[in-house]
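Asker: Quick one: the structure is below, questions incoming.
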DNA sequence: CCAAAAGTGTTAAGCTTACACCCATGT
DNA sequence: ACATGGGTGTAAGCTTAACACTTTTGG
């Protein structure tokens, strides 16, 4: 019959900026990715992205959601988006398996319960990765960095309310380079991505002016700066 | 058995700006998409994107290339890139079929031979489309417009050598809005996307100054303006 | 000489960065 | 008081859009 001998799996690259909580002063905030360690061959002991076989009556997004629910509380995932498909016929041994990858983002203060074989790993220091999962993480990171620049996607990494210095730390960790809090504020405020709540945080034990609190204006993904150039002519008022 | 009952197909949204040749003064240049008309049910008579079943030992890109070769000369396709996956379990009747979509671009002067059931259709005036192929075209168009702004992807739509007014017409058709040739020149020259050849075109029959000819600096896809904002700090020299 | 098409100059507006400076709080 | 962190002001540079103006050709 024409029944294909091909399986389809979904794999999620789930990021969180960890170590941003004021509780722990020692560790710097860093971007982490959710991985689980394989207990069986093939690639026993190596680390895998969460995911698995696509079910018969679900689309890709439902499938990722379902499978991630086994790892983290679904409510923690603030953003989920399709990335590339990996389709090399021999990317995994055995039955041919096509992988659709996703980018998932978990806001910073959340600390979901994890199964015993599952852990957050700093993206800057990944363990040995199974199959082609290493490049998948790299691809997701590239996409995240790009989208931080021209969308409001930061909402999915940040707490509901935050001081600007906290947001700076989060962007710093996610982007991988220094970010000036002053300019971050102005860029995001002019684009109406963040707004002041009116309240302020208490200052820390070492003093300092109390920080104004902000929140993201939308809790849904939005493109904020569509055209860098070649934008349509201005509409006459 | 665990043999899945799911097929995988690839579908290509192939664009070309047609009507840019000076031969035909009557028609304005417009963005067209390559479609073929279904001769059999389901959806007989409606128009489909080129593509088909993924072969057992090919990856997605090879598969699109192979299947497009049946429609157009492969050498004509200057750019091919993965778009989204459409995975609704009931997006087509019969065996469940997951569709991976691609964006393909054909440079302007080329006029490949087409099979009898296949035609170029203006994107602005699409015929009745089969299944979910309509939204796929829309999605590809959105991606094309975005990438024209921050990459050199125009090379895949333009002739190897061209006058600036020709390039303006191409961008105009692809973007869907007016483009100023003056500013297009400056933006693309500063980014080193296009360079002068040194030669000039002959002027048309109605006179006018002869146009300088340009070419794209790279014949490969390249991101030219990565960060609209939140770019890394300047490197000290 | 005139119309047509191409190319150049100029201005203004907007956005982003960098950095100096001022403000509010705890010890 | 003073150290510490937060916030504001400001200037410089770059990028783009808009449009007036000049150049080069054919009739």
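Asker: For residue B:169, work out the one condition from (1) more than 13 Å from chain A (Cβ to nearest Cβ); (2) not in a helix (DSSP H, G or I) it doesn't fulfil.
Answerer: Of the numbered conditions (1) more than 13 Å from chain A (Cβ to nearest Cβ); (2) not in a helix (DSSP H, G or I), the odd one out for residue B:169 is (2).
One line per residue, one yes/no per condition, for (1) within 28 Å of residue A:183 (Cβ to Cβ); (2) within 13 Å of DNA strand D (Cβ to nearest atom); (3) not in a loop (DSSP other than H, G, I, E, B):
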residue	(1), (2), (3)
B:192	yes, yes, no
B:198	no, no, yes
B:210	no, yes, no
B:219	no, no, no
B:232	yes, no, no
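Asker: Right, here's the next one. I'd like to verify a number: residues in the range B:142-163 that are within 14 Å of chain A (Cβ to nearest Cβ) and either over 19 Å from residue B:99 (Cα atoms) or touching a residue at least 12 places away in the same chain (Cβ under 8 Å) (or both), how many?
Answerer: Qualifying residue count, the range B:142-163: 13.
Asker: Within the bounds of the range B:132-153, is there any residue that is surrounded by fewer than 20 Cβ atoms within 10 Å (Cβ to Cβ) and in a loop (DSSP other than H, G, I, E, B)?
Answerer: yes
Asker: Follow-up. Can you confirm whether residue A:229 is in contact (Cβ under 8 Å) with a residue 24 or more places away in the chain, more than 10 Å from DNA strand C (Cβ to nearest atom) and within 30 Å of residue A:141 (Cα to Cα)?
Answerer: In short, no.
Asker: Somewhere in the range B:202-209, is a residue at pLDDT below 95, within 14 Å of DNA strand C (Cβ to nearest atom) and touching a helix residue (DSSP H, G or I) at 6+ places or on another chain (Cβ under 8 Å)?
Answerer: The answer is no, given that none of the residues of the range B:202-209 is at pLDDT below 95, within 14 Å of DNA strand C (Cβ to nearest atom) and touching a helix residue (DSSP H, G or I) at 6+ places or on another chain (Cβ under 8 Å).
Asker: What do you reckon, is residue B:62 within 14 Å of chain A (Cβ to nearest Cβ) and at pLDDT 90 or above?
Answerer: So residue B:62 passes the test.
Asker: Can residue A:113 be described as in contact (Cβ under 8 Å) with a residue 40 or more places away in the chain and within 14 Å of chain B (Cβ to nearest Cβ)?
Answerer: Taking the combined requirement at face value, the residue does not satisfy it.
Asker: Suppose we keep only residues that are under 24 Å from residue A:32 (Cβ atoms), touching a strand residue (DSSP E or B) at 6+ places or on another chain (Cβ under 7 Å) and in contact (Cβ under 8 Å) with a residue 60 or more places away in the chain within the range A:171-221. Which one would you say is surrounded by the fewest Cβ atoms within 10 Å (Cβ to Cβ)?
Answerer: Out of the qualifying residues, it is A:221.
Asker: Can I ask one more? Out of all the residues in the range B:186-197, which are more than 12 Å from chain A (Cβ to nearest Cβ) and within 11 Å of DNA strand C (Cβ to nearest atom)?
Answerer: Correct list: B:189, B:196, B:197.
Asker: In this structure, does residue A:108 turn out to be within 13 Å of another protein chain (Cβ to nearest Cβ) and closer than 23 Å to residue A:223 by Cβ?
Answerer: no
The values are calculated or read from the model by the stated rules, or taken from the named source; none is laboratory data. Keep in mind that what you see is a predicted model, and the values were worked out from it rather than measured. FYI the Cβ positions are ideal-geometry reconstructions off the backbone, even for glycines, and counts take in every protein chain you see.
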